[in-house]
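**Q** One structure is given below, represented as structure tokens, and several questions about it will come after.
The values are calculated or read from the model by the stated rules, or taken from the named source; none is laboratory data. Just so we're clear, the structure is a prediction, and the values are computed from it rather than from any experiment. Here the Cβ positions follow ideal geometry from the backbone for every residue, glycine too, while neighbour counts run over all protein chains shown. Heads up: the accessible areas ignore ligands, DNA and RNA and are worked out on the full protein's heavy atoms, side chains in. Shrake-Rupley method; radii C 1.70, N 1.55, O 1.52, S 1.80 Å.
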Amino acid sequence: IPPTPAGQRLVPEPVFVISSVRSGSTLLRVLLNSHPRIRAPHEMHLRTLQVDQTKPYTKNAMTQLGLDQHELEHLLWDRVLHRELQHSGKDLIVDKTPGNALVWERLHEAWPDAKYLFLLRHPASMVSSLINGRPDRDPAQTVAEIKSYVDAVEDARNRLPGLTVRYEDLTDDAAATTRDICGFLGVEWDRRMLQYGKQDHGPFKAYIGDWSENIKSGSVQRARALPAAGDVPDELRATARSWGYAC
């Protein structure tokens, strides 16, 4: 089945944040969502939204229409984005679900003209953030989880065009970093982005984004100090170095 012809997406150029869990993506989303033209809702988990063809003849019927399983799901995903964008009254939508990193090839297949923001954070900081939130987590499994994400992010960065944003830069100088993002997205920077606490971004709840007191504070909090070199797990050292972190 050939790719869907250009122009058949209701939202032809969505923006996807490609990042790991605990990378600061909720902070990025509320800053972006505070822009009068940008809608950045909570995590939408499009990759888990599937189409069930319940009868044997359904697949045959869809095949005759030129629709395979992937494209049926892409149409559904596109409709969800369009509905959210229409309800918001804005004209640019950003999905920041961390799971996007694991299915970036599907996203690129569905939206050849999508734009990408690659959000980086020191890999060891993401590990400690996960463990701080749930001290009962197994350290080795947590490191493995973060590695699966950062490997996927790096793969996407090497194969897709986009803008790389560093979490530590975002927290250190939110104005400069959001200016760069707005320039990449083709929208004028708006000072209201720095006052996200004055706007409604929906509930801060588990499984759809960060729900910590820091994000609920309504203001950008400085990032914690970078981990000491000796505290970086061996499995994450190569990525940390390639992302510009000393270890």
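**Q** Given LYS96/LYS205; LYS55/LYS205; LYS96/LYS198, which pairs have Cα atoms separated by over 26 Å?
**A** Violating the 26 Å limit, Cα to Cα: LYS55/LYS205.
**Q** Rounded to the nearest whole Å³, what is the per residue volume of the convex hull around the Cα atoms of segment 34-121?
**A** For segment 34-121, the hull spanned by Cα atoms encloses 120 Å³ per residue.
**Q** To continue, here is another question. Only helical DSSP H runs with n ≥ 4 go in: add -39500 (n - 2.57) per run for the chain, normalise by residue count and round the 222 nm mean residue ellipticity to 500 deg cm²/dmol.
**A** Helix contribution divided over all residues of the chain: -13000 deg cm²/dmol.
**Q** Once amide H atoms are built 1.01 Å from N in the peptide plane, which residues 5 or more positions from ARG166, or in another chain, come under 5 Å H to H?
**A** Sorted by chain and number, the residues that satisfy this are LEU120.
**Q** Another question, if that's okay. Could you order LEU67, LEU75, LEU31 by accessible surface area, starting with the largest, using a probe radius of 1.4 Å?
**A** LEU75, LEU67, LEU31
**Q** Then there is this: Can you pull the percent of the chain's accessible area that's carbon plus sulfur, 1.4 Å probe, other chains left in place?
**A** 49
**Q** With a Förster radius of 41 Å, plug the Cβ-Cβ distance of ASP172 and ASN60 into 1/(1 + (r/R0)^6) and report the FRET value to the nearest 0.05.
**A** Result of the calculation: an efficiency of 0.15.
**Q** While we're here: Treat every Asp and Glu Cβ in the chain as -1 and every Lys and Arg Cβ as +1, leave all other atoms uncharged, and give the resulting dipole magnitude about the Cα centre to the nearest 20 debye.
**A** Taking the Cα centre of the chain as origin, the dipole is about 480 debye.
**Q** Which of THR171, THR97, THR58 moves the most in a Gaussian network model of the chain with Cα springs under 10 Å?
**A** THR58
**Q** At ASP231 and ARG106, where each label point lies 7 Å from the Cα along Cα→Cβ, what is the point-to-point distance in nanometres?
**A** 3.6
**Q** With a 1.4 Å probe and all protein chains left in place, how much accessible area per residue does segment 38-189 have, in Å²?
**A** For segment 38-189, the per-residue accessible area is 49 Å².
**Q** With a 10 Å radius around each residue's Cβ, average the other Cβ atoms per peptide and rank 199-205, 156-162, highest first.
**A** By packing density, highest mean first, the sequence is 156-162, 199-205.
**Q** Considering all alpha-carbon pairs of the chain, what whole percent are spaced by more than 26 angstrom?
**A** Of all Cα-Cα distances in the chain, 41 percent exceed 26 Å.
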